[in-house]
1. Hey, can you tell me all the residues within the stretch 158-171 that are surrounded by 14 or more Cβ atoms within 10 Å (Cβ to Cβ) and over 24 Å from ASP44 (Cβ atoms)?
2. Determine which member of the set LEU78, LEU93, LEU69, LEU7 is farther than 18 Å from ASP185 by Cβ, of a type outside the set (Gly, Ala, Ser), at pLDDT 95 or above and out of contact with any His (no Cβ under 7 Å at 6 or more places or on another chain).
3. For the stretch 63-85, what are the residues that are among the polar types (S, T, N, Q), more than 15 Å from MET101 (Cα to Cα) and touching a residue at least 24 places away in the same chain (Cβ under 8 Å)?
4. Output yes when any residue across the stretch 174-182 is closer than 21 Å to ALA67 by Cβ and in the same structural domain as ALA135 (by TED's automatic domain parsing), and no when none is.
5. Which residue is farthest from ALA190 (Cα to Cα), if the candidates are limited to the stretch 100-121 and must be free of Cβ contacts under 8 Å to residues at least 24 places away in the same chain and surrounded by fewer than 18 Cβ atoms within 10 Å (Cβ to Cβ)?
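The values are calculated or read from the model by the stated rules, or taken from the named source; none is laboratory data. No experiment lies behind these values; they were computed from the predicted model shown. Every residue, glycine among them, receives a Cβ derived from its backbone with ideal geometry; neighbour counts consider all protein chains shown.
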Amino acid sequence: MNPKERLFAGFRQFKQENYSAQVAAYRRLAAGQRPRTMIIACSDSRVDPSAIFSAGPGELFVVRNVANLVPPFAADSLYHGTSAALEFAVTGLEVEQIVVMGHGQCGGIHACLEAARGRAPSYFIGKWVEIAAPARDAIIAGHPDAPEAEHQRQLEMGSIRASLANLETFPFVREAVESRAMAVDGAWFAIGEGDLYWLDRATGRFVRVTADPGGARPDL
């Protein structure tokens, strides 16, 4: 089955199973959306927020980009896909929560580390992932002899913290946090293990979300 036919087959399955089971919900959504949560996630095909959070149609407003990065606020004439989605979610949809969700084995984060080694990718990727350069440089300077895999994991998490800091540079985000207590959170997903880690803003560490609410929660 070629890629196009695979898509067609998937659509037919969706129409026969998912859509038919939620016709009323889709018809309501046709009149407008009101998601409570925005997720800024990676474009990586292995990390689907709707699947990870078992979300139904209309529950999540998702923007995906390379390495789930949030740029700092910049009111200029350039194109800002992530910033535009953020503005719409906060000022138009009035979401109650924004989650920046990273993941393990992220190719965009690997590209950011490669740039520090003088092997920057061409065209657009290298410039984009430099958003995480301050976090990368601090990690490498603080742990110069750490294995590459450790730098990778630390930057996957460090870039989430950096993106959360960049979110605070958007005036409409600050206003929403202050005026209506909009939450801003970070998460990291371990692909192989299927584990989700949530950022504890008080400690700066990522704590595993357990399937058993009463279970132990090791952090990273």
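1. Within the stretch 158-171, GLU168, PHE170 qualify.
2. None of the other options fit; the residue is LEU7.
3. So in the stretch 63-85, the residues among the polar types (S, T, N, Q) come out as 65, 68, 77, 82-83.
Still in the list and also more than 15 Å from MET101 (Cα to Cα): 77, 83.
Scanning the stretch 63-85 gives a single hit, SER83.
4. Among the residues of the stretch 174-182, not one is closer than 21 Å to ALA67 by Cβ and in the same structural domain as ALA135 (by TED's automatic domain parsing), which makes the answer no.
5. GLY118
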